[in-house]
1. For region 133-143, what are the residues that are out of contact with any Asp or Glu (no Cβ under 6 Å at 6 or more places or on another chain) and either in a strand (DSSP E or B) or closer than 14 Å to T296 by Cα (or both)?
2. All but one of (1) under 16 Å from the mean Cα position of the chain (by Cα); (2) touching a residue at least 60 places away in the same chain (Cβ under 8 Å) hold for T296; which doesn't?
3. Give region 10-42 a look and list any residue that's part of a loop (DSSP other than H, G, I, E, B), out of contact with any helix residue (DSSP H, G or I) (no Cβ under 6 Å at 6 or more places or on another chain) and surrounded by fewer than 21 Cβ atoms within 10 Å (Cβ to Cβ), or say none.
4. Only one of A7, A62 is hydrophobic (A, V, I, L, M, F, W, C) and either modelled with pLDDT of 95 or more or in a helix (DSSP H, G or I) (or both); which?
5. Out of curiosity, is Y245 crowded, with 21+ Cβ neighbours inside 10 Å, touching a residue at least 60 places away in the same chain (Cβ under 8 Å) and more than 18 Å from V144 (Cβ to Cβ)?
6. Looking at (1) more than 23 Å from L240 (Cα to Cα); (2) assigned to a loop (DSSP other than H, G, I, E, B); (3) touching a helix residue (DSSP H, G or I) at 6+ places or on another chain (Cβ under 6 Å); (4) not β-branched (V, I, T), which is the one condition that is false for M89?
Amino acid sequence: MIGVEAAFPYIDTHTAGHPTRAVLGGIPPLRGRSVLEKREDFERRFDHLRPALLHEPRGHAAMVGLIPVSSEVADFGAIFISSYVYLGMCGHGTIGFAKTLAFTGAISPVTGDRFTLETPAGVVDVRLEWDGEGRLGAGSLKNVPAYMGIEGLEVEVPGLGTIRTDILYSGMWYAMVDADPLGLALTPENTSAGLALGWRIKESIAKATDGRPEMRGLPAPSVLFHSDLGKGHSRQFLVLAPNKYDRSPCGTGTCARMAQLLMRGELSETDAYRAENIFGVSFTAELAEKSETCGTTGYAVIVRGEAHVTSQGTLYLEKGDPLSGGFLSR
């Protein structure tokens with residue numbers, strides 16, 4: 001095509017509101033045997049493509065991307081990228097990828113009701129719910145084990161005082177913060193206030209955990225606000241950056257929150273957990289198994305949600321475009 005430097009076919013989905021852009025072509029072959037090695041190769045050699053594919057004018061600050069890759073240990077492999085960082089695991093993105101695979105015919109009722117996916121964080125099991133017409137409804141995934149990193153951390157937040165948080169890992173690191181004592185309503189109208197407060201808390205947590213052996217060399221955890229609506233039911237709002245929040249309840253964050261409730265004894269091992277986003281759309285979760293993980297108890301949680309296709313097309317990088325590489329307003 002005249003004037004086009006590169007083309008990237010894609011399919012966009014959303015899972016409970018949060019987007020996943022599956023880039024189905026145009027990426028040069030990646031080196032490495034494991035998906036983690038391939039992600040490291042992409043980051044080293046092709047990171048310039050990440051903002052081009054996800055930032056404006058082709059995307060936005062909250063866009064999450066997925067690059068399918070081959071796997072030696074699972075049915076499929078996937079690298080998760082975002083507007084700011086690389087993700088070890090992404091729950092909503094995994095469910096979105098299942099929808100993309102079904103939409104393209106790569107999976108169907110004929111291929112079965114499950115597949116395995118290798119991510120940089122490990123291999124996850126994905127289960128599929130097909131309707132009578134062969135359409136994929138909900139998908140669920142058994143996540144990597146969630147475990148407590150730091151329990152009961154007290155953090156001094158400027159202008160707010162001292163808050164108490166648990167920091168857990170479930171493929172990504174999360175700091176659990178109860179929104180109710182802070183007077184923070186988790187509603188669509190209150191996203192700006194939630195973003196500002198969440199980022200202030202995140203920066204304070206980063207300072208408080210600097211130098212702690214549990215977090216050495218690791219990124220500061222994202223702040224997951226929760227507002228309890230009853231036993232086993234919460235509203236969740238995840239702050240990722242000053243201008244970026246998770247539109248979904250957050251799949252891996254839901255796993256971390258359920259693990260926290262199990263550790264506290266607020267849920268039994270047979271209870272289900274329901275997490276809704278600020279728009280009232282829910283993920284559900286249940287405990288799959290417990291295991292020893294990183295010297296402590298790990299909780300492998302199954303999280304369930306539904307994705308929907310929003311668009312299919314091709315992204316172009318045109319010669320002479322001064323904004324071809326993408327831009328992001330912060």
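The values are calculated or read from the model by the stated rules, or taken from the named source; none is laboratory data. Computed from a prediction, not measured in an experiment: that's the story for all the values here. Glycine gets a Cβ as well: all are built from the backbone with ideal geometry, and neighbour counts include every protein chain shown.
1. Selection gives L136, G139, S140, L141.
2. (1)
3. Correct list: G17, L24, G25, G26, I27, P28, P29, R33, S34.
4. A7
5. yes
6. Of everything listed in (1) more than 23 Å from L240 (Cα to Cα); (2) assigned to a loop (DSSP other than H, G, I, E, B); (3) touching a helix residue (DSSP H, G or I) at 6+ places or on another chain (Cβ under 6 Å); (4) not β-branched (V, I, T), M89 misses just condition (1).
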